[in-house]
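Report on the following structure.
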Amino acid sequence: MASTITERISSNLYLVEYFVFCPLLCEKEGQEGRKILYYYPADTDIDRQIRTVGYCEGLVKFTETFGFEDPCESVHFQKTRLLFHKVEQDICIAMSLHVPVIERKRDDKYIVEYYDDNINDRIMLPLLKISYRYFTLQHGAMSSSIRHGGVEELRNILKQHFDKFIQHHLHAMIRDVTLDTSYLGVQFLPVEKKLYLKLQSILRRLELRFSSLKETLFLYKDQLIWSGLTQDDTSLVYLFFRLYYWPHLKQLQTSSTPQFLTVDTSANPADELIISSQATSEIYQAFFLGNPLTPYRILVININLITIFCFFHNNDELTNDETTNTEIVGTLKKELDTMIPTFEEYLRKKYPVTDNTVRTVYYNKMNMAHSSTVDWTKEPISSMSGIMNTLAEDMQWFHPSGEIMVKRENDPWIIAKRSDMRELLIAVNQRNANLKEISDKVKQIFTTQFSNILLLE
Amino acid sequence: VTVKGQRHEQAYSFRLEDKGAIQSIKFNPDLSVLAIKRNSNSVEFLNFPSIPSVPTSPRSPSSSMATTATILQPDTIEYSQLSKTKASKLYDFNWLSDKEIVFVTDLSLEHYVLSAKQRTLRQLKTHELSNIHWQLFSREMNLLLISAGTPSGNSLIPFSFHKTQQQQLIKLPKFEVDLPQVTNLRSNSTASNAANQSTSKRCNELTERDCMLANIYGRSYLFIVRQLFRVAGQGSIEVVLYQIEDDHKPAQKRHILRLNLHGRCALNVVDNLILIHHQPTTSCYIYDIEDKSTSQYDGFQTIHDPLLSQLSIQPVNVNWQLLSSTMPTAPATIELYSSNWIVFLPNVIIDVKMGCLWYLLTNLDYLLDIIPDRLLLIDILLRRTSGKASILTLLRTLLTNITAPVQIDSNNVSNMSSSHVLDLWIEMIDRINRVFIENSPNRPLLDQSDIFSVLSLFSTIASISATGSSTKFHRSLSITSNDTTLDEHDQNHSLKFATSVVIEYIRSLNDYNISVQYFIYELLVNLLVRNNQFFQLQQLIQYQVLADSLQLACLLLSLSNTQQPTTQLALDMLKRLTNANEEIVEILLGHNFIIEALHFCIGHLPITRTLARKLLEAAIKSDELLSSTASNQKILFYTVYTFFEEYFQRTTTVSALAQSTSNNEQKDELEMFKSLFNLHFRHQESDVPNIQ
């Protein structure tokens, strides 16, 4: 047979639907439409909306009866993948994804094949979950919105928020999803002890000086150095920063004048980040953090490449006058200026260019620390991302430890290792190496790059 | 004659034959030879038997002088030494050591070695000098100062002795001191350390009475008291300090202490502080030549104003009843700054009328109340030998301002904000650690256990009640008390303050490269845990703020639970310690990570039968746990057993020969497992062919 084009990708993975519903809101038959709080796309036929939501609700109820430890959160259809997640008491969010299609030519006819394997629940579910948390960060819990302003109020808020969020971010997030983004982890910048203590000293003195200042979070570039928040809140604020602040910040000219940052999530992506050098009261924003979610007033300051989140108690006497702001900035700027070159040095040290054939992805569930030397846009990594995703999913079954080494034709060796709460994926681009050589290589990587931690075997 | 010395608690008395008026009388340092000067050209010596070693009497110096004096019996034979230069007049003599003596005549210094047994003296060296007026001598400073030459007596020659070796008297470069301005007024300046005769000394003459020698901050200084009169009836006192250096440079005028008062005054040096007792105002003025805030440097010398003014010596309550019964029932108080006082450097005050001798001491705790500037205060205290207790009080008071604001400090500083207190704390702790690392003499060294005694007051802050299910943390925190009535926000604030204080201390220790001791870390961990800041604890460990140690790892293990898996931190720490491999195995076995433990043993521990037994026991236990949830065929036991069986078979050939004697015993250890293994696995295998 003449080898013409035998297959072509006709459609990729994309978001089909996204919806929020609360079954309790439907009291009588015929009112099923009421339980839908938000539906994307908005022009979907109402009957179809009711059908999808009803289906999803039924699945949640049905699977609950089995009493699994982990609730059922995904259904695989031939053409779509439905993912759902119960976020608050009786409120669920769900999204359905289009399964990639490949058309294969056989006997002059194109046969459509759905590539279910190309969607990995382990990779996609975190996106659904974080989309809810971004919402609560800015608007608080959905149930409390109902309590305060009623269901219609919540519907409005949801619509305002998710229309923009889906349009500007969720589509891109789904398109660009990688193993790295799915960890929802935090990248820490390791710095030397004395410098770290100096920074601690600066931040703690600041916190004590302004009694309404509850906590601070300190970033150099996109790397976290200190957070006074809980682990969950830290990762949420960190991811929010990566999503809304960092893409704009990294394009800025580094200026030594302190700037105040606010985010307008309803604006177009290009105008999302509002940068102001005036210490007015408009530079504050509200974030909902903690458990239960409570509002904090947030002041975000950017000095050179450093970003500091200041979390203020909301109920305290109004301290958001200009003098406080200038005072905070003044204190910080004076002390931080000398540190910046050192941070840059540590950033270089974090990613040493040692072995070009080795790429690693590291995640520690205990402290959500995540680091990666993989550039997913580059070959040959992108071609083997699927197998890495699968291995990452399989690793969840190892307890407490395990190791898999995989080699496909024309692919690099991929080693997936789990040690209690740590996950480590290594790609070694030595195609001709045998298992023994790779095993030795991996051992060598462990003793050099991960010598300070205990990796169980 | 009754003798009372600073170093000897005991008083001694003895009798001398009357051989004419005694002009000067001095014991050598070990009280074995007494030198007596009765005329102007010879000195008689009298040997004493060695002092019976007296049990150190309870400290009641002022009372012991009259009643408990030990009677000494001197040798009956006196022997004498004439001054070599016959024509000269012998002024005085000084014991350089037990066996060395220096005569000071108007023309020379004569240095002798004395042999008490042979009752002879041997001359070592004579320094010829002209016109010697007077001398000052200090054995503590190894210094003899001679005024010679110019008639005004302001040309001074220091001699140092015994600096490097015995029997050495070195002449140092001579120097001249400024004379007070000549005025027409009749001077009423009087000597400080002398009785009140001879007030009519002329002003433009430097006399022995205006000069003193003392050591301050390890340096030798000559003090010269000068009365300055600019306007009639007004005047001021200046004390000029000349530093006498060892490196053969002439002494330099370094410091001037100023006092805008005139009249009789006297000097004491206590704990490197210079005290000017001003008799007319009956008060003390205290100077600290290292204090920057009260001084200014004019390019040549530093001019000091009093650090503390108009203080009074705390009256001494003399318990008269302990003194001889002939004493009249005394008045309750003693007249302070009496004109009967004679003051000797460094810190001796004698009241000639009452017959009392005091040592002047400083009460540093009093400073806490009178110096409001906490940083000045800590500097002053850090220069005091006995400053430690007061510093600790100072620190404790400072921190209590925030942790328990109810206890109002006597100094009205209770309204200090926590950030202000923290700033002060940072400064103070830095200074304390600097003094600690410099380790210079006569400075208070506050180590980590001292600071910990202050920091431990944080243990009274109650913990934040954790939200949700994480209330289990309390089990490790038995020290929390519930009597504080702070609400949660305040508690949070106090805990945060406390955490910052401890972190600052750790930071300061690190800056001075002092390794932090475990109990400081433990305190920090407990504070963080009490404030539910587990994530912050993780971060601090991640950034190595808390240095690895076995103890810290154990503490982390004890804190571990399902919400806060600190076990990982502990295991990592143990691994970095590299000498805690057995502990790692224990922890892994404790978590039923049998295979992981086995792998770790292979890589890190010598395989012994004892180790095998431990692992096999753990495997059986773990299998039992698993069998309740899954269909488990003793898989762990099988795996571990087969590994060891193979391992020992491989190694026995070598090791069995080497230790065949003890082998039987060791075999027995695993015998039980062997039979168990055979029962479960070998048995089944043998079944297979039967069925077939």
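The values are calculated or read from the model by the stated rules, or taken from the named source; none is laboratory data. Quick caveat: nothing in here was measured; it's all calculated off a predicted structure. Here Cβ is always computed from backbone atoms with ideal geometry, including for glycine, and neighbour counts include all displayed protein chains.
Selection of region A:1-40 for residues being in a loop (DSSP other than H, G, I, E, B), closer than 26 Å to A:Glu153 by Cβ and at pLDDT 85 or above yields only A:Cys22.
When you look at A:Phe84, is it of a type in the set (Phe, Trp, Tyr) and either surrounded by fewer than 11 Cβ atoms within 10 Å (Cβ to Cβ) or assigned to a helix (DSSP H, G or I) (or both), yes or no? When the stated conditions are applied, A:Phe84 does not pass them.
Residue-by-condition table, conditions (1) touching a residue at least 60 places away in the same chain (Cβ under 8 Å); (2) facing chain A (nearest Cβ under 9 Å); (3) within 21 Å of A:Ser201 (Cβ to Cβ); (4) not basic (Lys, Arg):
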| residue | (1), (2), (3), (4) |
| --- | --- |
| B:Val525 | no, no, yes, yes |
| B:Val529 | yes, no, no, yes |
| B:Gln536 | no, yes, yes, yes |
| B:Ala547 | no, yes, yes, yes |
| B:Ser560 | no, no, no, yes |
| B:Arg576 | no, yes, no, no |
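Of the residues that make up region A:172-186, is at least one hydrophobic (A, V, I, L, M, F, W, C), within 14 Å of chain B (Cβ to nearest Cβ) and either in contact with an Asp or Glu (Cβ under 8 Å, 6 or more places away or on another chain) or touching a residue at least 24 places away in the same chain (Cβ under 8 Å) (or both)? There is at least one residue in region A:172-186 that is hydrophobic (A, V, I, L, M, F, W, C), within 14 Å of chain B (Cβ to nearest Cβ) and either in contact with an Asp or Glu (Cβ under 8 Å, 6 or more places away or on another chain) or touching a residue at least 24 places away in the same chain (Cβ under 8 Å) (or both). Number of residues in region B:370-415 that are at pLDDT below 80, within 14 Å of chain A (Cβ to nearest Cβ) and crowded, with 16+ Cβ neighbours inside 10 Å equals 4. Considered as a group, the residues in region B:588-619 that are in contact (Cβ under 8 Å) with a residue 40 or more places away in the chain and out of contact with any Phe, Trp or Tyr (no Cβ under 8 Å at 6 or more places or on another chain) include one that is farthest from the other protein chains (Cβ to nearest Cβ), and that residue is B:Thr610. Per the listing A:Val186, A:Val177, the residue uniquely at pLDDT below 90 and within 17 Å of the chain's Cα centre (by Cα) is A:Val177. For region B:494-501, the criterion of being of a type in the set (A, V, I, L, M, F, W, C), away from chain A (no Cβ under 11 Å), surrounded by 21 or more Cβ atoms within 10 Å (Cβ to Cβ) and free of Cβ contacts under 8 Å to residues at least 60 places away in the same chain is met by at least one residue. The numbered conditions (1) more than 25 Å from the chain's Cα centre (by Cα); (2) in contact (Cβ under 8 Å) with a residue 60 or more places away in the chain are all true for A:Glu457 except (2). Screening A:Leu229 against (1) facing another protein chain (nearest Cβ under 10 Å); (2) free of Cβ contacts under 8 Å to residues at least 40 places away in the same chain leaves a single unmet condition, (2). Does region A:378-385 contain at least one residue that is assigned to a helix (DSSP H, G or I), farther than 30 Å from A:Leu236 by Cβ, modelled with pLDDT under 90 and away from every other protein chain (no Cβ under 14 Å)? For region A:378-385, residues assigned to a helix (DSSP H, G or I), farther than 30 Å from A:Leu236 by Cβ, modelled with pLDDT under 90 and away from every other protein chain (no Cβ under 14 Å): present. Of the residues in region A:427-442, at least one is surrounded by 17 or more Cβ atoms within 10 Å (Cβ to Cβ) and either in contact with a His (Cβ under 9 Å, 6 or more places away or on another chain) or in a strand (DSSP E or B) (or both). Taken over region A:98-151, the criterion of being more than 22 Å from the chain's Cα centre (by Cα), closer than 26 Å to A:Ser266 by Cβ and buried (at least 18 other Cβ atoms within 10 Å of the Cβ) is satisfied by A:Ser145, A:Ile146. A single member of B:Ser189, B:Ser220, B:Ser198 is modelled with pLDDT under 75, hydroxyl-bearing (Ser, Thr, Tyr) and either under 26 Å from B:Pro306 (Cα atoms) or buried (at least 16 other Cβ atoms within 10 Å of the Cβ) (or both), and it is B:Ser189.
Of all the listed residues (B:Glu140, B:Glu176), the sole one being modelled with pLDDT of 70 or more, under 16 Å from B:Met212 (Cβ atoms), acidic (Asp, Glu) and surrounded by fewer than 16 Cβ atoms within 10 Å (Cβ to Cβ) is B:Glu140. When A:Ala369, A:Ala427, A:Ala392 are screened for being within 14 Å of chain B (Cβ to nearest Cβ), more than 22 Å from B:Leu598 (Cα to Cα) and in contact (Cβ under 8 Å) with a residue 24 or more places away in the chain, only A:Ala369 passes. State whether the residues of region B:257-270 include one that is at pLDDT 70 or above, over 25 Å from B:Leu367 (Cβ atoms) and either surrounded by fewer than 17 Cβ atoms within 10 Å (Cβ to Cβ) or of a type in the set (S, T, N, Q) (or both). Within region B:257-270, one or more residues are at pLDDT 70 or above, over 25 Å from B:Leu367 (Cβ atoms) and either surrounded by fewer than 17 Cβ atoms within 10 Å (Cβ to Cβ) or of a type in the set (S, T, N, Q) (or both).
The single condition from (1) crowded, with 18+ Cβ neighbours inside 10 Å; (2) in a helix (DSSP H, G or I) that A:Leu219 fails is (2).
Screening A:Ile445 on (1) surrounded by fewer than 17 Cβ atoms within 10 Å (Cβ to Cβ); (2) more than 14 Å from chain B (Cβ to nearest Cβ) shows it passes everything except condition (1).
Kindly indicate whether A:Ile438 is away from chain B (no Cβ under 14 Å) and closer than 29 Å to B:Ala580 by Cα. It is false that A:Ile438 is away from chain B (no Cβ under 14 Å) and closer than 29 Å to B:Ala580 by Cα. Scanning region B:578-587 for residues that are more than 8 Å from chain A (Cβ to nearest Cβ) and of a type in the set (Val, Ile, Thr) yields B:Thr578, B:Val585, B:Ile587.
Results for (1) closer than 27 Å to A:Asn291 by Cα; (2) not assigned by TED's automatic domain parsing to the domain that holds A:Cys92, shown as yes or no for each residue.
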residue: A:Leu125; (1), (2): yes, no
residue: A:His139; (1), (2): yes, no
residue: A:Met142; (1), (2): yes, no
residue: A:Arg147; (1), (2): yes, no
residue: A:Asn156; (1), (2): yes, no
residue: A:His168; (1), (2): no, no
residue: A:Gly185; (1), (2): yes, yes
residue: A:Leu197; (1), (2): no, yes
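The conditions of being facing another protein chain (nearest Cβ under 10 Å) and assigned to a loop (DSSP other than H, G, I, E, B) are not met by B:Ala570.
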